[in-house]
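K.L.:
Please find one structure pasted underneath; my questions will follow.
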Amino acid sequence: MPKLSDPIIIRNMKVKNRLWYPPMLSFSSDKQGCPSADTMTIYEQKARGGVGLLVYEATSVDPNSVIGNSAYIGTDDNIPAYKKLTDLVHKYDVKFGMQLAENGVIHMIAKVLSGVNTDVMGPSNVDPLPATSAYTLMMPTWERFVKEKNLEIRGMDVEEIIKFENQFALCKLYVKNSYLKFNKKNSHLF
């Protein structure tokens, strides 16, 4: 039986062990959405801690969706900062990836909690209460808040879907240019 400390090969990628760190928001990016000095410290500590694979936090593909100090990779100007972060993490023999994220339920919650007016979209209209019911554990007034703010997850039209797909495709190139790895089959980055 394999141990957590044993290496593993995933689609020709050798990971030094089976300890992985999932994407978790740190809101430590600079105003352009690039990794800041704080981001470098946070991710270096995670890499130094011994994980085999580390996934960078939810990173926006749309400049209009960046909230506060959230991450954004959708421009050539941001590639050097992401390369620097990637090189730092690789120094510890850690595989590094990125979670590209956009305008979903978590995005809605982040916008709401930061006081930003939100326009959250999905493939179809969705009632936000069942989709976000877990948040009532953290914020008992969540259901009332959603109703008072008349929050909704609205369905996208064809033009919005095409724009959305194009933004993701472009950002996949930016991720590649930052030396991060992309697994095309299931749209996760490694």
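The values are calculated or read from the model by the stated rules, or taken from the named source; none is laboratory data. Source: prediction; values computed, not measured. FYI the Cβ positions are ideal-geometry reconstructions off the backbone, even for glycines, and counts take in every protein chain you see.
K.L.:
Is there any pair with a first residue in the stretch 118-143 that is closer than 23 Å to Val158 by Cβ and a second that is surrounded by 11 or more Cβ atoms within 10 Å (Cβ to Cβ) and among the small types (Gly, Ala, Ser) whose Cβ atoms are under 6 Å apart and which are 6 or more apart or on different chains, and what are they?
P.N.:
Between residues of the stretch 118-143 that are closer than 23 Å to Val158 by Cβ and residues that are surrounded by 11 or more Cβ atoms within 10 Å (Cβ to Cβ) and among the small types (Gly, Ala, Ser), the close pairs are Ser124/Gly155; Asn125/Gly155.
K.L.:
Which residues, counting only those in the stretch 164-190, are at pLDDT 85 or above and either in a strand (DSSP E or B) or exposed (fewer than 13 other Cβ atoms within 10 Å of the Cβ) (or both)?
P.N.:
Correct list: Glu165, Asn166, Ala169.
K.L.:
Identify, please: which residue in the stretch 107-116 is part of a helix (DSSP H, G or I) and not β-branched (Val, Ile, Thr) and is, among those, farthest from Asp62 (Cα to Cα)? If you could, list the steps in order and put the result at the bottom.
P.N.:
At the first step, the residues of the stretch 107-116 found to be part of a helix (DSSP H, G or I) are 107-114.
From the residues that got through so far, the ones that are not β-branched (Val, Ile, Thr) too are 107-108, 110-111, 113-114.
Numbers: His107: 12, Met108: 14, Ala110: 15, Lys111: 14, Leu113: 19, Ser114: 18 Å.
The qualifying residue farthest from Asp62 (Cα to Cα) is Leu113.
K.L.:
Give the residues of the stretch 22-50 that are in contact with a strand residue (DSSP E or B) (Cβ under 9 Å, 6 or more places away or on another chain), within 14 Å of Asp93 (Cβ to Cβ) and either surrounded by 14 or more Cβ atoms within 10 Å (Cβ to Cβ) or among the acidic types (Asp, Glu) (or both), sorted by residue number. Walk me through how you get there before you give the answer.
P.N.:
At the first step, the residues of the stretch 22-50 found to be in contact with a strand residue (DSSP E or B) (Cβ under 9 Å, 6 or more places away or on another chain) are 22-29, 32-35, 39, 43, 46-47, 49.
Narrowing further to those that are within 14 Å of Asp93 (Cβ to Cβ): 46-47, 49.
Lys46, Ala47 - these are the residues of the stretch 22-50 that are in contact with a strand residue (DSSP E or B) (Cβ under 9 Å, 6 or more places away or on another chain), within 14 Å of Asp93 (Cβ to Cβ) and either surrounded by 14 or more Cβ atoms within 10 Å (Cβ to Cβ) or among the acidic types (Asp, Glu) (or both).
K.L.:
So which residues in the stretch 60-70 are buried (at least 21 other Cβ atoms within 10 Å of the Cβ), free of Cβ contacts under 8 Å to residues at least 60 places away in the same chain and in contact with a Phe, Trp or Tyr (Cβ under 7 Å, 6 or more places away or on another chain)?
P.N.:
Ser60, Ser70
K.L.:
Okay, next question. Under 7 Å by Cβ, and 6 or more places apart or on different chains, what pairs join a residue from the stretch 73-94 that is on the phi < 0 side of the Ramachandran plot with one that is of a type in the set (Val, Ile, Thr) and surrounded by 15 or more Cβ atoms within 10 Å (Cβ to Cβ)?
P.N.:
These pairs meet every condition: Ile73/Thr59; Ile73/Val175; Gly74/Val61; Tyr82/Ile73; Leu85/Thr39; Val94/Val51.
K.L.:
Is it fair to say Gln99 is surrounded by fewer than 18 Cβ atoms within 10 Å (Cβ to Cβ) and closer than 22 Å to Leu173 by Cα?
P.N.:
Judged against the criteria, Gln99 is a match.
K.L.:
Name the residue, out of Ile79, Ile73, that is touching a Cys at 6+ places or on another chain (Cβ under 6 Å), at pLDDT below 95 and crowded, with 18+ Cβ neighbours inside 10 Å.
P.N.:
Answer to the check: Ile73.
K.L.:
Looking at (1) in contact with a Lys or Arg (Cβ under 7 Å, 6 or more places away or on another chain); (2) modelled with pLDDT under 85, which is the only condition Gly97 fails?
P.N.:
Checking Gly97 against (1) in contact with a Lys or Arg (Cβ under 7 Å, 6 or more places away or on another chain); (2) modelled with pLDDT under 85, the one that fails is (2).
K.L.:
How many residues does the stretch 82-96 contain that are surrounded by fewer than 21 Cβ atoms within 10 Å (Cβ to Cβ) and in contact with a Pro (Cβ under 8 Å, 6 or more places away or on another chain)?
P.N.:
Residues meeting the conditions: 1.
K.L.:
If you check Tyr43, Tyr56, which single one turns out to be over 26 Å from Ile161 (Cβ atoms), hydroxyl-bearing (Ser, Thr, Tyr) and in contact with a Leu (Cβ under 9 Å, 6 or more places away or on another chain)?
P.N.:
Criteria check complete, one pass: Tyr43.
K.L.:
May I ask you to list the residues in the stretch 134-154 that are within 24 Å of Ser70 (Cα to Cα) and surrounded by 12 or more Cβ atoms within 10 Å (Cβ to Cβ)?
P.N.:
Correct list: Tyr135, Thr136, Met139, Trp142, Phe145, Val146, Lys149, Leu151, Glu152, Ile153, Arg154.
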